[in-house]
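This report concerns only the one structure given below.
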Amino acid sequence: MAPDAFAPGACVALAPLRGNVGRTVFIDAGHGGPDPGALGTTASGQPLNEKSVTLAVALTAARMLRLHGYRVVLSRNADNSVTRLTGADLYQRALSIRGAHAELLARVRCADLAGASVLVSVHFDAFSDSTVTGATTVYDPDRPFAGRNHALAKLLQRDIVGALAADGWRVEDRGIGTDVNAGGPALGVQGASYGHLLILGPAAPGYLARPTTMPGAVVEPLFITNPAEASIAASTAGQTAIAAGIVAATTQFVRGSR
């Protein structure tokens, strides 16, 4: 994928704001544009979509990392897709299976073009039962650097839960897990048979030619379908706490990888 295949406001590189440690962190704000992600409602009745809060957390984390001397590449810095969508990528204003696949491939390509040392993809969890709560971090065990993926996931889970607790939110620690069998219906039969999150997973002929090349994890700090946790996700303080946890974990991980 050529760089000009990215949508405006996508795959954006941001220079350090203070010092320069010579490392790049790739932050992926999940969903965006025609893909709202999960939908929830806060305790006060405010509707909330996942794409808005993933972007808010990603932007906050990016600024914090830049103040620590890191170059940051964002998959998106606005409410847009990452790839330039065509008519075939949409179905009734939503992403088609082809569009969802192209969108994830664009995020993979952006991370690799960035030359990033680490990848963090920000999402929020959802479930049909609104009483379900908690934070989870996911990694891929089927990569040459699986051990580093696991180490990163442990740090992210610990530091995000800890940062939320430090601000008074006792979020259930659901631990870390793998992305094996994570292919979802949005990516059709081929995605389901792939059985990994595309942004983290290994190569697959005809589906993912060039996977991400750096350690990475997907964080899901809260259930947006739980009103109390949706309220945290919607708040500036909650978004800042999650971002602070991401920054603490990624900076420790990168320092340890030198």
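Can you name every residue in the range 68-109 that is in contact with a Lys or Arg (Cβ under 8 Å, 6 or more places away or on another chain), within 28 Å of Leu48 (Cβ to Cβ) and surrounded by fewer than 21 Cβ atoms within 10 Å (Cβ to Cβ)?
Going residue by residue through the range 68-109, those that are in contact with a Lys or Arg (Cβ under 8 Å, 6 or more places away or on another chain) are 68-72, 75, 79, 82, 88-89, 108-109.
Filter once more, keeping what is within 28 Å of Leu48 (Cβ to Cβ): 72, 75, 79, 82, 89, 108.
Within the range 68-109, Asp79, Asp89 qualify.
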In the range 148-179, residues that are outside any helix (DSSP H, G or I), more than 17 Å from Gly134 (Cβ to Cβ) and of a type in the set (A, V, I, L, M, F, W, C) total 0
Which numbered condition in (1) in a helix (DSSP H, G or I); (2) surrounded by 20 or more Cβ atoms within 10 Å (Cβ to Cβ); (3) touching a Lys or Arg at 6+ places or on another chain (Cβ under 7 Å); (4) of a type outside the set (Ser, Thr, Tyr) is the only one that Asp112 fails? (2)
Which residue, of Val82, Val73, is within 20 Å of Leu156 (Cα to Cα), among the aliphatic types (A, V, I, L, M) and in contact with a Ser or Thr (Cβ under 9 Å, 6 or more places away or on another chain)? Val73
Considering (1) surrounded by fewer than 23 Cβ atoms within 10 Å (Cβ to Cβ); (2) part of a helix (DSSP H, G or I); (3) among the polar types (S, T, N, Q), say which one Thr250 fails and leave the rest. (1)
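Kindly indicate whether Ala58 is within 14 Å of the chain's Cα centre (by Cα), touching a residue at least 40 places away in the same chain (Cβ under 8 Å), closer than 18 Å to Thr212 by Cβ and not in a loop (DSSP other than H, G, I, E, B). Write out each step before concluding.
Numbers: within 14 Å of the chain's Cα centre (by Cα): yes; touching a residue at least 40 places away in the same chain (Cβ under 8 Å): yes; closer than 18 Å to Thr212 by Cβ: yes; not in a loop (DSSP other than H, G, I, E, B): yes.
So Ala58 fits the description; yes.
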Listed residues Ser81, Ser75; which is under 30 Å from Ser257 (Cα atoms) and of a type outside the set (Lys, Arg)? Ser75
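A short reminder: the numbers here are calculations on the coordinates, not readings from a lab. Bear in mind that the values here come from a model prediction, so they are computed numbers and not experimental data. Cβ: placed from backbone, ideal geometry, glycine included. Neighbour counts: every protein chain shown.
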